[in-house]
Amino acid sequence: MKYGEEEIVNFDINKDENYWPNNNDKNYTIKIELPEFMCKCPRSGYPDFATIYIEYTPDKLVVELKAIKIYINSFMIREVSHENSANEIFDTLFSKLKPRWLKVIADFKPRGNVHTVIEIDSAKM
């Protein structure tokens with residue numbers, strides 16, 4: 001296994017080292033775009049591609065950018081639906097960051113003439 005593959009396979013987004021203190025008390029928004037998301041369809045095994053958009057207003061913590069990159073890359077070896085991948089990303093970040101506000105949008109590329117966009121917004125929960 002190559003070092004990058006090993007890093008992805010062994011990565012744990014839940015480790016405290018992947019979250020840093022937010023040194024700012026004011027409300028501000030962090031926007032992260034991850035245009036190379038890939039996972040496998042749990043039915044066919046075909047690859048699904050998406051752009052993941054993450055926006056959040058931090059409270060006490062922010063996510064380290066390399067950590068979010070490796071976490072997103074870890075989906076490429078997994079069979080997971082569009083809905084479940086978006087919800088997992090949201091749930092993982094929401095539980096660890098405990099942000100003031102969080103939104104995750106998973107904009108999947110069309111496959112078989114179907115274009116799927118999943119949006120999860122903590123303000124609508």
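A few notes on this one:
- Applying both filters, DSSP loop and at most 13 other Cβ atoms within 10 Å, to the trypsin sites (Lys or Arg not before Pro) of the range 1-53 gives Lys2, Lys15, Lys26, Arg43.
- Most fluctuating residue given options Asp12, Asp59, Asp25, as computed from a GNM of the chain linking Cα atoms under 10 Å: Asp25
- Computed 3J(HN,Hα) for the range 20-26, one whole-Hz value per residue from the Karplus formula 6.51 cos²θ - 1.76 cosθ + 1.60 where θ = phi - 60°, is 10, x, 8, 8, 10, 8, 6, glycine and proline marked x.
- Using a Förster distance of 30 Å, the FRET efficiency for Asn22-Ser81 (Cβ separation, nearest 0.05): 0.40
- Among Ile52, Ile118, Val63 the positive-end extreme of the charge dipole of the chain (Cβ point charges): Ile118
- In Hz, Karplus ³J(HN,Hα) per residue of the range 47-58 (6.51, -1.76, 1.60; θ = phi - 60°; x = Gly, Pro): x, 10, 10, 8, 9, 9, 10, 10, 10, 7, 9, x
- With contributions of -39500 (n - 2.57) from each DSSP H run of at least four residues, the per-residue ellipticity at 222 nm computed over the chain stands at -8000 deg cm²/dmol.
- Between Glu17, Glu79, Glu64, the residue with the greatest mean-square fluctuation in the GNM of the chain (Cα pairs under 10 Å linked by springs) is Glu17.
- Euclidean distance between Cα centres, the range 10-49 to the range 61-88, Å: 4
- Spin-label proximity, Lys96 to the range 9-31 - amide N less than 19 Å from point 7 Å beyond Cα toward beta carbon: 9-23, 30-31
- Within a straight-line Cα-Cα reach of under 18 Å, Lys26 can be paired with the following aspartates and glutamates, leaving aside sequence neighbours fewer than 8 residues apart in one chain: Glu55, Asp59.
- With coordinates expressed along the principal axes, the C-alpha atoms belonging to the range 3-124 extend over 46, 36, 19 Å, beginning with the largest.
The numbers here are math on the coordinates, done by the rules we state, and not lab data. Note that the structure is a prediction, hence the values are computed from the model and not measured. Don't worry about glycine lacking a Cβ; one is built from the backbone with ideal geometry, like all the others, and counts go over all protein chains shown.
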